[in-house]
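Novice: So that we are looking at the same thing, I have put the structure below in structure tokens.
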Amino acid sequence: MSGASPFAPYVTPFRRLTVEAQWPPTPNLLTADQATAGQATPYAPGAIPAVMDVTTDVSGAVLSLAASASAFQGSQVYQAAVPGGASTGFSVINIRHLPVECPGLGLPPVYYSWSEYIRSATGGVNPQMAAQIKWFDASGATVGSSLGSTASLTGGSSAPWVRVAVSAQPPDGAAWGYGQLVLRGTTPAGAWTFQAAAAQFEQGGAPTGWAEPGTWYPIFTGGVERYPQTSY
């Protein structure tokens, strides 16, 4: 592999490689469970299974799957008990390891859009939040972040869903990203309940209407050196 490749020196013989395809195809590149808060499998309300690869960065926050009679879609949401005084800039939700087309390979620029519907379910607590993509290179080092517009939420037991989004081109060297929902502005002094639903990660310069992803199927799993070689 050329040393100029953004994947160098990580694609080497005997390193495992998985190639997947979604069916039926949709714009949404997440797994169906990530996009629906676990309803595709389905996973019951409670702790988020590790296989979903969804976490929080907020110290003291408890993130889980929760039943909701007013979910944006279906009957389940992501829910976090957020402590008062949580630090601005931290992410209440990370949907992790989202693969992207790596810049710097001589290909046309590709933009990605990350979006999710969110709300504060605690009356009188009106936090500010934004969507963000945090970019990583093949070694796992951070190579940048892209932040969307800040939304002000109006808290309440039947609060409306607000879609937050960000669209950006990955920086040079980016191989994957985190879809994040970050705290902005002055954070609430007291504890509050955050909810999110209908996550979407897609190619394009603007988010499209939410779509539940099809199933991802492996079409090649094995060592890098055994992947079929093609000449263009």
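The values are calculated or read from the model by the stated rules, or taken from the named source; none is laboratory data. For clarity, every value in this text was computed on a predicted model and none was experimentally measured. Because the Cβ atoms are built from the backbone with ideal geometry, glycine has one as well, and the counts that use them run over all protein chains shown. What goes into the accessible areas is simple: the full protein's heavy atoms, side chains included, and nothing from ligands, DNA or RNA. Shrake-Rupley method; radii C 1.70, N 1.55, O 1.52, S 1.80 Å.
Novice: If contacts are Cα pairs under 8 angstrom and at least 6 residues apart, what is the relative contact order of the chain in percent?
Specialist: Reported relative contact order: 32 percent.
Novice: Let me ask something else about it. Projected onto the charge dipole of the chain (+1 at Lys/Arg Cβ, -1 at Asp/Glu Cβ, origin at the Cα centre), which of A165, T193, G74 gives the Cα projection farthest towards the positive end?
Specialist: Toward the positive end, the furthest listed residue is T193.
Novice: Starting from the residue with the highest accessible area, list V162, V51 in decreasing order, probe 1.4 Å. All intermediate terms of the calculation are to be shown ahead of the outcome.
Specialist: Numbers: V162 45, V51 115 Å².
Accessible-area ranking of V162, V51, largest first: V51, V162.
Novice: Let me check something: with ligands and nucleic acids excluded, how do D57, D172, D137 order by accessible area (1.4 Å probe), largest to smallest?
Specialist: Numbers: D57 70, D172 130, D137 35 Å².
These residues rank, largest area first, as D172, D57, D137.
Novice: I want to verify a result. In a Gaussian network model of the chain, Cα cutoff 10 Å, which of these has the top mean-square fluctuation: E116, E212, E20?
Specialist: E20
Novice: In what sequence, largest accessible area first, do W161, W192 appear using a 1.4 Å probe? Walk me through the numbers before you get to the answer.
Specialist: Working: W161 50, W192 10 Å².
The residues order as W161, W192, largest area first.
Novice: Is the shape of the chain rounded, prolate or oblate, going by the alpha carbon gyration tensor and its root eigenvalues a ≥ b ≥ c, with a/c under 1.5 for rounded and a/b larger than b/c for prolate?
Specialist: Details: a/c = 2.14, a/b = 1.70, b/c = 1.25.
Note, shape of the chain comes out prolate.
Novice: Would you work out the charge dipole size for the chain about its Cα centre, treating the Cβ of every Lys and Arg as +1 and the Cβ of every Asp and Glu as -1, and quote it to the nearest 20 debye?
Specialist: 240
Novice: Which of the peptides 145-154, 28-37 is most tightly packed, and how do the rest follow, judged by the mean count of other Cβ atoms within 10 Å per residue?
Specialist: Numbers: 145-154: 16.2, 28-37: 23.6.
The most tightly packed comes first, giving 28-37, 145-154.
Novice: Can you tell which of G140, G156, G209 shows the greatest fluctuation in a Gaussian network model of the chain with Cα springs below 10 Å?
Specialist: The residue with the greatest mean-square fluctuation here is G209.
Novice: Counting only helical runs of four or more DSSP H residues, what would the 222 nm mean residue ellipticity of the chain come to if each run contributes -39,500 (n - 2.57) and the total is spread over all its residues? Don't skip to the answer; put the middle values down first.
Specialist: Details: 1 runs with 5 residues, N = 232.
Result for the chain, helices only: -500 deg cm²/dmol.
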